[in-house]
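This report concerns only the one structure given below.
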Amino acid sequence: MKEIVIYGNEVLHIPTKEVKEFNGELKNLIDEMYETMYKSNGVGLAANQIGVPLKVAVIDVAPAGHEGKVTLINPKIKSHSKKFILDDEGCLSVPGLYLPVLRYQSISVEYQDLEGKKHIINAEGYFAKAIQHEIDHLEGILFVERFFEHFDVEKILEDNKDNEEAVKIIETAKEIYDKIRKIKNK
Ligand SMILES: [Zn+2]
């Protein structure tokens, strides 16, 4: 099992590189990623979360009680629904924090397999959400950034200032977001 990289490490905050060589090394990387994801009780893992800046992600949403498993190499969203879903997300690279994030309800994704062959996968609901979270990772984007992009966080804070628990969560998210902004503005 590999160690999971935590936010603040640059490898998580810059776009990863396209995979060009489909060899045994890639196969080993994917095996290690699955092992690390399952042992960490995650439902998805991007290669940069174990420090490898390549466009590879593994997803298996079975541990969360849903259906969908795929290994994505060089994935691209080709089309998506107009409808969004809103649900809490967490991330192995941001331990302990859960925030609501908007995602497309369904997506169509082009990706390559271990041999470099192209495929299309159609996904919806929880599975689609997990895929979008991982593709974001490969672009150097964390769900915390999506939360700030989708919501007026200062207003939420003001409207909920009596809710101690909500304030604590948002303050934590703000600290993480500020740290990411600083790295990206360097
Ligand atoms: Zn994540």
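Computed over the chain, the P(r) tail beyond 20 angstrom holds 54 percent of alpha carbon pairs. Computed in the context of the full set of protein chains, the accessible area of the chain at 1.4 Å probe radius has 48% of its extent on carbon or sulfur.
Rounded to the nearest 20, the Cβ-based charge dipole of the stretch 57-113 about its Cα centre (Lys and Arg +1, Asp and Glu -1) stands at 300 debye. Between the stretch 1-44 and the stretch 59-137, the C-alpha centres lie 15 angstrom from each other.
A cut-off under 11 angstrom between Cβ atoms defines the neighbours of H119, and their net charge, with Lys, Arg +1 and Asp, Glu -1, is -1. Accessible area per residue for the stretch 10-141 is 48 Å², calculated with a 1.4 Å probe on protein heavy atoms, without ligands, DNA or RNA.
The values are calculated or read from the model by the stated rules, or taken from the named source; none is laboratory data. Please read all numbers here as calculations on a predicted model, not as lab measurements. Note: ideal-geometry Cβ built from the backbone for every residue, glycine included; neighbour counts use all protein chains shown. Quick note on the areas: whole protein, heavy atoms, side chains included, nothing else; ligands and nucleic acids left out. Shrake-Rupley method; radii C 1.70, N 1.55, O 1.52, S 1.80 Å.
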